[in-house]
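The numbers here are math on the coordinates, done by the rules we state, and not lab data. What you see is a predicted model; the values in this text were computed from it and never measured. Methodologically, a virtual Cβ is constructed for each residue, glycine included, from the backbone with ideal geometry; neighbour enumeration extends over all protein chains shown.
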Amino acid sequence: MFYKGDPTNLPTEAESRVIIRFQDCDPLQHLNNSKYFDYFFNAREDQASKLYGFSFEAMFRELRTSWVVYQHQIAYIRPAGISEWVRIITRVIHHDEDTMVTEYVMTNDDRTQLKTLLWVTSKHVSVTTGKRTPHPPALKEYLNAIQLPGVDFKTMDFNERIREVKQALVPVS
């Protein structure tokens, strides 16, 4: 099976702590814009494997399908600096018949400042035809289990979501 665990008891949010590497920074000692994607995608792959026992390779082999990126929407709020520890939070905020939207959030180490917010829209495709294909029942069950509840993606504005995420990070006094 491409994932393990009880689908009624899977976490809907994943988090990693990572350090910004010198080699990934620009001359201003900020994380290069293109490198945010590497940090986000690597974190999500590690998180999905650890939390859910999910394997992209197993999904590819068993279902003969994969997700391909259809669209990115990203906001660089504050720079991530050289040798800085950051938190990367990921969560599925929407899915339907053949689409999945994953939200990626980067904060400072104590989760009080939003650095970057990314939405990645992916389409589920057959590896034999290269065309979109519906999520099969086992994949729907998995996506239903891990999707973050309470996010009305269809009516949500990206900038509105940035404000919501920022407000959620403000420490309670």
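What to note about this one:
- Sequence-distant aspartates and glutamates (8 or more away, or on other chains) whose Cα lies within less than 16 Å of residue 166: 103, 109, 110, 157
- Counting DSSP beta bridges with both ends in segment 14-166, the antiparallel % (nearest 5): 95 percent
- Peptides 51-62, 18-29 ranked from most to least packed by the mean count of surrounding Cβ atoms within 10 Å: 51-62, 18-29.
- Computed packing ranks the peptides 64-76, 108-120 as 108-120, 64-76, most packed first, by mean other Cβ atoms within 10 Å.
- Taking all Cα pairs closer than 8 Å and separated by 6 or more residues, the relative contact order of the chain comes to 26 percent.
- For the peptides 95-105, 149-159, residues were scored by their other Cβ atoms within 10 Å and the scores averaged per peptide; the highest-first order is 95-105, 149-159.
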